[in-house]
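Have a look at the structure below before the remarks.
The values are calculated or read from the model by the stated rules, or taken from the named source; none is laboratory data. All of these numbers come straight from a predicted model, not from anything done at the bench. Here the Cβ positions follow ideal geometry from the backbone for every residue, glycine too, while neighbour counts run over all protein chains shown. Remember, those area values only see protein heavy atoms, side chains included, never the ligands or the DNA or RNA. Shrake-Rupley method; radii C 1.70, N 1.55, O 1.52, S 1.80 Å.
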Amino acid sequence: MTATRIIEASDENYKEAVKAACELLAAGEVVALPTETVYGLAANALDAASVAKVFSVKERPTFDPLIVHVSTRAELSRVAIVPDGIKHTVEKLLNAFWPGPLTLILPKHPDIPDLVTSGLPTLAVRQSANKIFRAVGKELGQPLAAPSANRFGRISPTSAHAVRQELDGRIPLIVDGGACSEGLESTIIHITAGEKRPTITILRPGPVTKEMLQNFGKIERPKKSRDPGSPCAPGMLESHYAPRTPLILLENADDFRPETGKKYGLLSYTGEPGKGYTGLYPWTIIEALSPGNGKLPEAALRLFHVLRKLDDAGLDCIFAEPVSEVGLGVAVMDRLRRASKQV
Ligand code: AMP
Ligand code: MG
């Protein structure tokens, strides 16, 4: 058991927080840091022993590879190799979306320990837009491997409080940078050169949407694979982001079969009376993703926060309304499907 310290990274002590994080990271420790997507559990990506701690703290199986974060564009060449055939596309994508929530799968640099990529010849890499996160990477002078700061398979944390719920006593430090501005994990893409246009395969939908990527190439969703060894499988693990309370994504209201005497909660899109499933049942609690008019960016931002609230409400089951699968709605539905038990 480790005492977990929380440092609030306000404008005044922002440097103190970065220094404390760097001291621990340089000593081979892991620390939780804010990013614009969700809180990350960071380790020096070039130090296999530190990376091993990330897996053990999260109870993450070693077949699920980590995302590596660079603090500058120049650092990319230390962690990955950009093949000539896609160089131009990568450059355009980085100009458009970095720093930001777009993760690229590229051939890995030999200096990256195999543990980081779960033995895969490719590496997932991005540059976070969060200035605290980037300042830590810069001051440490090393790329950071940082998956979400939750125990494996559970809801990703979008606040320092949520990280504490997940990892208290397991890590020495949480840097509190306030609530995450995106609230959903990064979009992960793989690029293949084509004769006319490259193909961009969206391995995990996220804040950078299909609509935002379609000018850069032909967009594809990956074929389904259940083989955890396949490069397409990680991040596509079918059960993920799950609350402890069973959650059912009710794509069709006719499939609702309530049992008597149970406490049910509703994860509603707008929470408005008469809209969606609010009138379907006398719900014990209703939580709205985007109260009022319903806006997908707000729904994406609040999803994990609201899921945590429902998970803490002592319910027998959470039922979730579907949202429309356009723009950010694709990523929201992706996370709800993975969190859901099949009906
Ligand atoms: P997390 O940071 O916990 O949200 O998860 C990182 C995710 O990145 C993993 O679950 C994988 O889906 C994905 N990932 C990392 N490396 C690779 C890779 N080489 N190929 C495909 N996906 C990857
Ligand atoms: Mg995760």
Inset, instruction - Say whether the condition of being more than 16 Å from ligand 1 (Cβ to nearest atom), at pLDDT below 95, more than 25 Å from the chain's Cα centre (by Cα) and more than 25 Å from Arg154 (Cβ to Cβ) is met by at least one residue in region 290-302. - result: yes
Legend entry - Subset of region 160-188 (residues that are more than 13 Å from the chain's Cα centre (by Cα) and of a type outside the set (A, V, I, L, M, F, W, C)): His161, Arg164, Gln165, Glu166, Asp168, Gly169, Arg170, Pro172, Asp176, Gly177, Gly178
Legend entry - Qualifying residues in region 143-153 (those that are buried (at least 23 other Cβ atoms within 10 Å of the Cβ) and more than 18 Å from Gly206 (Cβ to Cβ)) - the one nearest to ligand 2 (Cβ to nearest atom): Ala145
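Here is a list: Val68, Val54, Val136. Which entry is in a helix (DSSP H, G or I) and touching a helix residue (DSSP H, G or I) at 6+ places or on another chain (Cβ under 8 Å)? Spell out the reasoning first.
Working: Val68 fails: in a helix (DSSP H, G or I); Val54 fails: touching a helix residue (DSSP H, G or I) at 6+ places or on another chain (Cβ under 8 Å).
Unique residue meeting the criteria: Val136.
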Legend entry - Positions within region 108-131 being surrounded by fewer than 20 Cβ atoms within 10 Å (Cβ to Cβ) and within 29 Å of Glu16 (Cβ to Cβ), in sequence order: Ala129, Lys131
Legend entry - Verdict on Arg244 being touching a helix residue (DSSP H, G or I) at 6+ places or on another chain (Cβ under 9 Å) and either surrounded by fewer than 20 Cβ atoms within 10 Å (Cβ to Cβ) or at pLDDT below 95 (or both): yes
Inset, instruction - Select from region 301-316 the residues that are in contact with a Ser or Thr (Cβ under 9 Å, 6 or more places away or on another chain) and open to solvent by less than 10 Å² (accessible area, probe 1.4 Å) and write down the one among them that is nearest to Pro246 (Cα to Cα). - result: Leu310
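Hey, can you tell me all the residues within region 25-46 that are over 20 Å from Cys180 (Cα atoms) and either open to solvent by 50 Å² or more (accessible area, probe 1.4 Å) or in contact with an Asp or Glu (Cβ under 8 Å, 6 or more places away or on another chain) (or both)? Full working, then the answer.
If we filter region 25-46 for residues that are over 20 Å from Cys180 (Cα atoms), which is where we start, we get 25-29, 44-46.
Those that are over 20 Å from Cys180 (Cα atoms) and either open to solvent by 50 Å² or more (accessible area, probe 1.4 Å) or in contact with an Asp or Glu (Cβ under 8 Å, 6 or more places away or on another chain) (or both): Ala26, Ala27, Gly28, Glu29, Leu46.
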Inset, instruction - Check off (1) of a type in the set (Gly, Ala, Ser); (2) away from ligand 2 (no atom under 16 Å from the Cβ); (3) open to solvent by 10 Å² or more (accessible area, probe 1.4 Å) for Ser50 and give me the number that stays unchecked. - result: (3)
